[in-house]
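*Asks:* Here it is, the structure in full.
Every number here is computed from the coordinates shown, using simple stated rules; none is lab data. Please read all numbers here as calculations on a predicted model, not as lab measurements. Positions of Cβ are generated from backbone atoms using ideal geometry, with glycine treated the same way; all protein chains shown enter the neighbour counts.
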Number of protein chains: 2
Amino acid sequence: MARPRAFDEGTALEAAMQRFWADGYAATSVRDLGAAMGLSQASVYNAFGAKRALFTRCLDHYLDANMRARIARLETTLPPRQAIEAFLHEIVERSLESRLGCLLANAALEVAPHDADIADVVAERMAELEGFFRRSVVAGQRDGSVSGTVDPIATAQLLLTTVMGLRVLARGYPQRSLLEGAARQALSVLGAPPTTTTPGNAP
Amino acid sequence: MARPRAFDEGTALEAAMQRFWADGYAATSVRDLGAAMGLSQASVYNAFGAKRALFTRCLDHYLDANMRARIARLETTLPPRQAIEAFLHEIVERSLESRLGCLLANAALEVAPHDADIADVVAERMAELEGFFRRSVVAGQRDGSVSGTVDPIATAQLLLTTVMGLRVLARGYPQRSLLEGAARQALSVLGAPPTTTTPGNAP
DNA sequence: GTTGATCTGGAGCGACCGCTACAGAATCCA
DNA sequence: TGGATTCTGTAGCGGTCGCTCCAGATCAAC
């Protein structure tokens, strides 16, 4: 064919994603992105096109590597209630490790209102996360780990809202007790924690 | 003294705030702000100093005119549980009226991670909102409208998180059923609705 | 009316923005 | 080896950025 690329596209995409994640869309210049990727500006445009196109690639990469991977891992390895609990706990831990927050939440606030295409992606992926919570609540009600009286739809909506709220607090008010308290109280709507084999203690 | 200003500072501040609110910090230029305020760029600098100083003024103005005013109004005119419910319902309604979201949440995500002073303000004001929720939960437990078994601190943390989450969804996934479901489920942690004078419809 | 202080807006500073033209370097197929 | 084709970096395009200078306008105090 012709001269091959001297860089790995996935690695470069990851580096660019980190920059967008840390600094936001508007505050990250294409020169910054090129430097982070180890490429000249012209190579960035040659490989990924305009800045906006690169951002959508990064957003996709983020969602695949983080949100979707987490959902798939938890949903296949844990029973439903534990999957929900683990998801929130992981969000809390990640939020305390760094103040990056969530690229999806960042994009929702900064970019989505001014870009219909990205707004569609954002809404779609949020619906995806909402769906994970809804499936898990329903499955939890089926296996008895989640109270049968709660509304799975509203509960999934609250959990989605809680995740997004935690991501905002991660950047603006990052205190462990706050994030843990909010997560714990959100989980309380699922009803009494599963008491393994011992008989339940419902009121 | 000397020549008086040809504009009202409060009005100008309000106009600038609207621009920051809609477009974010980085994407709003001082020329944009001047046009919105009806001022030349030089007058903006003469009256408000640099862009960052103007933003902090706008953030203060927003918080006084919106968050603090709402807290004060609800806390003085409604019993505690109803104040909490009204706060969330107002957030949902405002979020559905426009996709602006919340300037505090926007600032928390976009500006706070890169500006320690603004981060302090953000954390302070979030703590203020958290305090309103905590006071209201405690007062509600005292007058019997809030379940006595819930932890006021964790509940206030969840409500703060919910408000921030709702503001993210307002910009990225603005559907009435979603926002209302999340708010309703968040309020469910307060326990059974109060049996006030109006006939309740508790399940 | 004069003075003195403040406000106003046009012009413009250097720097950076997103983006691209272009020439050379590197690889493939023949 | 010799195109053909793709990648890469330099240089630079027009435009906008945050910010400032400065001359003139406009007021209060005298």
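*Asks:* What is the dipole size for region B:72-161, taken about its Cα centre, with +1 at each Lys and Arg Cβ and -1 at each Asp and Glu Cβ, in debye to the nearest 20?
*Replies:* 360 debye
*Asks:* Could you work out how far helix B:80-97 tilts from the main Cα principal axis of chain B, as a 0 to 90 degree angle to the nearest 10?
*Replies:* Taking the Cα atoms of chain B, the angle to B:80-97 is about 50 degrees.
*Asks:* Say each of A:Thr11 and B:Arg68 gets a label point 7 Å from the Cα, pointing the same way as Cα to Cβ; how far apart are those two points in nm?
*Replies:* Calculated label separation equals 5.2 nm.
*Asks:* Right, next: Rounded to the nearest 10 degrees, what's the angle between the helix A:116-143 long axis and the longest principal axis of chain A, both from Cα atoms, 0 to 90?
*Replies:* Compared with the principal axis, the helix lies near 30 degrees.
*Asks:* Okay, next question. Does region B:60-105 come out rounded, prolate or oblate by the C-alpha gyration tensor, with a ≥ b ≥ c the root eigenvalues, rounded set by a/c under 1.5 and, if not, prolate when a/b is larger than b/c and oblate if not?
*Replies:* Because a/c hits 1.5 or more and a/b fails to exceed b/c, region B:60-105 counts as oblate.
*Asks:* Only Lys, Arg, Asp and Glu count, each charged at its Cβ (+1, +1, -1, -1), so figure out the dipole size of chain B about its Cα centre, rounded to 20 debye.
*Replies:* 240 debye
*Asks:* Related question: Can you list the distances in nanometres, one decimal and ascending, from the B:Thr76 label point to the identical position in each other copy, with the point 7 Å along Cα to Cβ?
*Replies:* Label-point separations across copies, in nm and ascending: 5.9.
*Asks:* Another question, then. Nearest 20 debye, what's the magnitude of the dipole of the protein assembly as shown about its Cα centre given +1 on Lys and Arg Cβ and -1 on Asp and Glu Cβ?
*Replies:* That gives a dipole near 180 debye.
*Asks:* In addition: Under the definition of Cα pairs under 8 Å and six or more residues apart, what whole-number percent is the relative contact order of region B:1-143?
*Replies:* So the answer I get is 26 percent.
*Asks:* State, to one decimal in nm and shortest first, how far the label point of A:Pro193 sits from each corresponding label point in the other identical copies (label point: 7 angstrom along Cα-to-Cβ).
*Replies:* From this label point to the equivalent ones elsewhere in the assembly: 3.2 nm.
*Asks:* Also, I was wondering about something else. Rounded, prolate or oblate: pick one for the protein assembly as shown, where a ≥ b ≥ c are the square roots of the eigenvalues of its C-alpha gyration tensor, a/c under 1.5 means rounded, and failing that, prolate if a/b is larger than b/c, else oblate.
*Replies:* oblate
*Asks:* Still on this structure: Can you work out the Karplus-derived ³J(HN,Hα) for every residue in region A:22-36? Use 6.51 cos²θ - 1.76 cosθ + 1.60 with θ = phi - 60°, whole Hz, and x for glycine or proline.
*Replies:* Once θ is set to phi - 60°, the couplings for region A:22-36 become 6, 10, x, 6, 5, 7, 9, 8, 4, 5, 4, 4, x, 4, 5 Hz.
*Asks:* Rounded to the nearest 0.05, what FRET efficiency do B:Ala2 and A:Arg99 give with R0 = 45 Å and r taken as the Cβ-Cβ distance? Could you check?
*Replies:* 0.45
*Asks:* When all alpha-carbon pairs of region B:1-69 are counted, what percent fall beyond 14 Å?
*Replies:* Taking all Cα-Cα pairs of region B:1-69, the fraction more than 14 Å apart is 56 percent.
*Asks:* Taking a ≥ b ≥ c as the square roots of the eigenvalues of the Cα gyration tensor of region B:121-195, is the shape rounded (a/c under 1.5), prolate (a/b larger than b/c) or oblate?
*Replies:* It is oblate, given that a/c is not under 1.5 and a/b is not larger than b/c.
*Asks:* Which distances in nm, rounded to one decimal and ordered from shortest, link the label point of B:Ser29 to the equivalent label points in the other identical copies, with labels set 7 Å from Cα toward Cβ?
*Replies:* Sorted ascending, the copy-to-copy spacings read 1.5 nm.
*Asks:* Also: If I take R0 = 56 Å and measure r between the Cβ atoms of A:Thr149 and A:Asp32 in this structure, what FRET efficiency does the formula 1/(1 + (r/R0)^6) give, to the nearest 0.05?
*Replies:* 0.65
*Asks:* Distance between Cα centroids, region A:125-176 to region A:1-42: provide it in whole Å.
*Replies:* With region A:125-176 and region A:1-42 each reduced to a Cα centre, they are spaced 34 Å.
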